[in-house]
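Novice: Please see the structure below; I have some questions.
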Amino acid sequence: MSRWKCGIEGCDARFEDVEGAIIHQTTEHTRHECKVCGTIVPDGYFAIRHAFDEHTRAEFVRAYDADSSAVRVREEIKSDVEEEADLNSVVRTLREQGAL
Ligand SMILES: [Zn+2]
Ligand SMILES: [Zn+2]
């Protein structure tokens, strides 16, 4: 079974590599509007990264009506992805496709 699952709103597309999953999330799903600041970002990993790099945990919890376990799940996804992904190559691929 492939390791990486898209996970956006019940999407169960699976990928052998994490880069494929992020590219899928960015190109196949509708964009996400950040509930804290209104910025439009790709859904999935990039939305998580935006929320936690740009905003505090407290802002996230308030805007999304989230609890601490929702924060923890997202922090784990973010660190798993960042351990594994070649994000420079993901961004390069997405730019070439005109998706970023
Ligand atoms: Zn998906
Ligand atoms: Zn934001």
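Novice: From the square roots a ≥ b ≥ c of the eigenvalues of the alpha-carbon gyration tensor of region 31-100, which class results: rounded (a/c under 1.5), prolate (a/b over b/c), or oblate?
Specialist: Because a/c hits 1.5 or more and a/b fails to exceed b/c, region 31-100 counts as oblate.
Novice: Taking neighbour counts of Cβ atoms within 10 Å as a proxy for exposure, in what order, fewest first, do Tyr45, Tyr64 appear?
Specialist: The order, fewest Cβ neighbours first, is Tyr64, Tyr45.
Novice: Return a whole-number percent for the relative contact order of the chain, with Cα pairs under 8 Å and 6 or more residues apart as the contact set.
Specialist: Numbers: 98 pairs, mean separation 21.7, N = 100.
RCO, the chain: 22 percent.
Novice: Just to confirm a number: summing +1 for Lys and Arg and -1 for Asp and Glu over residues other than Asp12 whose beta-carbon lies under 14 angstrom from that of Asp12, what do you get?
Specialist: +1
Novice: Please get the size of the charge dipole for the chain, origin at its Cα centre, with Cβ charges of +1 on Lys and Arg and -1 on Asp and Glu, quoted in debye to the nearest 20.
Specialist: On the way: 13 positive and 21 negative charges, 47 e Å.
Dipole of the chain, to the nearest 20 debye: 220 debye.
Read the figures in this text as sums done on the coordinates, not as results from a lab. None of these values were measured; they are calculated from a predicted model. In this analysis, Cβ positions are derived from the backbone assuming ideal geometry, glycine residues included, and neighbour counts consider all displayed protein chains.
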